[in-house]
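Shown next, in structure tokens, is the structure this report addresses.
Every read-out reported here was derived from the displayed coordinates using simple, explicitly stated rules and does not represent laboratory data. This structure is a prediction, so every number in the text was calculated from the model and none was measured. Heads up, the Cβs are rebuilt from the backbone with ideal geometry, glycines too, and the neighbour counts pull from every protein chain shown.
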Amino acid sequence: MIHTAVLKKEVLEYLDPKQNENFVDCTVGEGGHSEDILKKNGPEGKVLGIDLDPHQIGAAQWLHVQFKDRIILVNDSYANLTEIIERKEFGPVNGILLDLGMSSAQLEAAQKGFSFQIDQGLDMRYNDEGGYTLTAEKIVNEYPEEKIAEILEEYGEEKFAKKIAKNIVEQRKQGRIKTTFQLIEIIKDATPSAYWRGKIHYATRTFQAIRIAVNDELENVKRVLPQAISILASEGRLAVISFHSLEDRIVKNFFASESKTTHGVPRIKILTKKPITASRDELSKNPRSRSAKLRVAVKI
Ligand code: SAH
């Protein structure tokens, strides 16, 4: 499936790229949002596109064909934003976009085990090169029961966290748990049948939780936000799209504290009192937009 960028119109409206302005797309993916920006910020404006997944950087190469050296692609984590900007001598920065989570292409890509609809090895790393050694298989087979329960509770808000963790530890005594389908069976076995008929698949929360833990996703979001504000030029815009309540809460709280005057001079002004969500039209066309929430702030 080809990835369709979410909230395209809304992101463009808020980032409002003008001639020759520069932007950082912290999650360039297949380049949907970067393309929209590059169409607006010519003839000299640039986009620095970052992605942790080397395959996604491959998928974004087409942007060079159309926009030549106005697009700069970097395979790294946005958690290292300041360092990347310095290394690339990029700036001034007029806007920064974070489209968190993963793309449909990654969900279906071979051998990562992100999807519970395909039987694959339990990996879940966005980057399986570059020294990232923690995998889903390692968590499931080597973490203590309490730690697994905590991950499922905290990152998945899974109400059967303890039961699932207990069953994982029980089952791994028979042999290493290696595949997504094995894990799904274990989750099924640990939960009541009413849960199997719920609106979302009964493995959704466990898979989300393990993926967040493997990639340290919430910590990365916490790390990048203050860097983004520091990097932005005055009047620069920061747009963040999140896909679940844990991420959205981090963004919301960060914006709230940075826009307050209680601790001195506020650094940002919030442009979205309430998060922007997808229009009915987009919802009908792109299921990934269902849980998307966009928050935008402008640097003072
Ligand atoms: N806006 C993109 C889609 C982004 S999907 C488009 O229009 O195509 C989210 C992307 O974030 C994925 O490609 C994923 O690999 C990337 N990602 C996840 N964690 C990251 C991190 N810590 N640093 C950089 N990129 C990350």
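What the table below lists for this structure:
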| read-out | value |
| --- | --- |
| Extension gain, residue 189 back to residue 87 (0.36 nm per residue minus Cα-Cα distance, nm) | 31.7 nm |
| Spin-label model distance (nm) - residue 138 vs residue 18, 7 Å beyond Cα toward Cβ | 4.7 |
| Two-site label geometry, residue 259 and residue 245: point separation in nm, points 7 Å out along Cα→Cβ | 2.1 |
| Over the chain: Kirkwood hydrodynamic radius from C-alpha pairwise inverse distances, Å | 20.2 |
| Of all DSSP beta bridges in the chain, antiparallel share, percent nearest 5 | 40 |
| FRET efficiency for residue 216 and residue 285, using Cβ-Cβ distance with R0 set to 25 Å, rounded to 0.05 | 0.20 |
| Above-threshold pairs, the threshold being 31 Å between Cα atoms, out of 199/269; 112/222; 112/159; 9/46; 173/222; 40/252 | 199/269; 173/222 |
| Ascending count of other beta-carbon atoms within 10 Å, so fewest first, for 119, 36 | 119, 36 |
| Summed residue charge, Cβ within 14 Å of residue 42's Cβ, Lys/Arg positive, Asp/Glu negative | +1 |
| Sum of side-chain charges, residue 261 neighbourhood, beta-carbon under 15 Å (Lys, Arg +1; Asp, Glu -1) | +2 |
| Radius 15 Å from Cβ of residue 71, net charge of other residues (Lys, Arg +1; Asp, Glu -1) | -2 |
